Structure formats: C-alpha cells, structure tokens
Amino acid sequence: MSTLMIFRAKGDAGKLEASTNADPDAIRAIAEKAKSYGLLRHRFFGTDDEIIVVDEWPNQESFERFFAASPEIQDMMAAVGVTEPPVVTFARELDVPDAVG
C-alpha cells in the first residue's frame, strides 16, 4: 500500500506557477529525480498564501530520501517567498469500499 505525502508551505503560489512556467525544465528535472526515488504521483495546489504539494510514494522513507537529496527544492521554495520549513504530513490509504479512480 502506498503513502500519501502532503507538503504545505506559506508562500506565493502564483509566483511558483509563473517561475516554473518560465523555466519548465528545472521543475521537470526535479520531477524526474523524484521518480528515480519512487514517486508515483505528484500535483501542486495553491491558495492565496499557501503552496500545497500532494504526492503518492511507495513509503515515507522514499520521500524522505528524495527530499534530503534535493536542496534545489529549498532554493525553489525560497525564491517564491517560503521562509519557514514546510509542514509535511504522511497518510496511509484506508481500506474502505468507496474508492473512485
């Protein structure tokens, strides 16, 4: 069973969108690196003042190894106004009979 990783950081989601669209190769390189560590699914979400990342990983340890080996993520986050460490939460999938997709 896989693990859901939810990453929340106070920052400018619009600025993240603009900067990654201006240099898509940089964000794609991070995604390719993440896949080499086991990333299964990945999406960015945002509010007026928060950046949210939702990933699916084989396990928590896979994400932690990737994140520790990826200082470019901290650089990217600092560039869009993130000044505090993110809040990272892990969740396991529950075995309930209403799954969709």
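Just so you know, all these numbers are worked out from the coordinates, no wet-lab data involved. Worth saying up front: this structure is predicted, and the values here are computed from it rather than measured. Cβ: placed from backbone, ideal geometry, glycine included. Neighbour counts: every protein chain shown.
Per q in 0.19, 0.30 Å⁻¹, report the Debye log10 I(q)/I(0) for segment 32-71, using one uniform scatterer on each alpha carbon and no solvent. Each listed q corresponds, in turn, to -0.57, -1.01. Estimated at 0.36 nm per residue, the fully extended path between residue 65 and residue 19 surpasses their Cα-Cα distance by 14.0 nm.
Considering only DSSP states other than H, G, I, E and B, which trypsin sites (Lys or Arg not before Pro) in segment 1-98 qualify as loop sites with at most 13 other Cβ atoms within 10 Å? Show your work: numbers first, answer last.
Values: sites: 8, 10, 15, 28, 33, 35, 41, 43, 65, 92; in loops: none.
Here no trypsin sites (Lys or Arg not before Pro) fit, given the DSSP loop and packing criteria.
3J(HN,Hα) along segment 71-79, derived from phi through the Karplus expression 6.51 cos²θ - 1.76 cosθ + 1.60 where θ = phi - 60°, amounts to x, 5, 5, 4, 5, 4, 5, 4, 5 Hz, with x in place of Gly and Pro.
Length gained on full extension, residue 28 to residue 75, computed as 0.36 nm times the residue gap minus the Cα-Cα distance: 15.4 nm. Seen from a random direction on average, the alpha-carbon convex hull of the chain projects onto 6.9 square nanometres.
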